[in-house]
Amino acid sequence: MTDKPTYQDHLRSVLNTRSQPGDSPRHEVEADDLEASPGAAFGYLRGIRDHASCVELRFRNGTSRWFPYSWLGPWQHDPSEGLLLKFSGDLTYLVLIKGSNLDLPLKAGGSNLTSGGLQRQRVLWIREMTKEEIANIGERAPTIDSIEVAELESPAEAKEWLQKRAPTFLR
């Protein structure tokens, strides 16, 4: 375990310090508003009106990348290939998330990665999981095997990248 504050700790402190006396309690992020379980593939905001400004991609090697939801364009889910997100900013970024059960909720009644999470801009982070974590979870919940990010300057580069990694998305 590390003493380093998590993204959720930082989010709680930033949002809770902005409240002023007399503010409505809905402006504060409660511990219950941040949902994740040990070994979870992603974390999300539970509050019905809560939206994240960006999504963090956490890689097994300890690095992270953040992408603003305002850059998120079309995305696709194909259970046989994974999830393909397209972010358009200074460049075009394709994010290929491979795993299993990507559309299952974290727990009964909880949000899922696709329609309840990314579509509603409530996913805070998505992380690559270790083989041990994936084996322990099995088919009960979503798992993330890998996350690949491509920085592309042209549609031809995007097509070539997808042809090599996830040709199903080239329909």
Query raised in the report: What number of residues within region 53-94 are surrounded by fewer than 19 Cβ atoms within 10 Å (Cβ to Cβ) and under 18 Å from Met129 (Cα atoms)?
Result: 11
**Report entry** Residues located in region 42-65, provided they are in contact with a helix residue (DSSP H, G or I) (Cβ under 9 Å, 6 or more places away or on another chain) and assigned to a loop (DSSP other than H, G, I, E, B)
**Finding:** Arg46, Gly47, Arg49, Asp50, His51, Ala52, Ser53
Query raised in the report: If you go through region 133-163 one residue at a time, how many are touching a Phe, Trp or Tyr at 6+ places or on another chain (Cβ under 9 Å), more than 28 Å from Gly116 (Cβ to Cβ) and surrounded by 16 or more Cβ atoms within 10 Å (Cβ to Cβ)?
Result: 1
Query raised in the report: Given Leu104, Leu170, which one is exposed (fewer than 13 other Cβ atoms within 10 Å of the Cβ) and free of Cβ contacts under 8 Å to residues at least 40 places away in the same chain?
Result: Leu170
**Report entry** Cβ-Cβ under 8 Å pairs, at least 6 apart or on other chains, region 118-138 side farther than 17 Å from Glu148 by Cβ and touching a residue at least 24 places away in the same chain (Cβ under 8 Å), far side assigned to a helix (DSSP H, G or I) and hydrophobic (A, V, I, L, M, F, W, C)
**Finding:** Leu124/Leu11
Report task. Within region 80-125, work out how many residues are in contact with a strand residue (DSSP E or B) (Cβ under 8 Å, 6 or more places away or on another chain) and acidic (Asp, Glu). Result -> 2
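No lab work stands behind these numbers, since they all come straight from the coordinates. Since this is a predicted model, take the numbers as computed values, not measurements. So basically every Cβ, Gly included, is an ideal-geometry build from the backbone, and we count neighbours across all protein chains shown.
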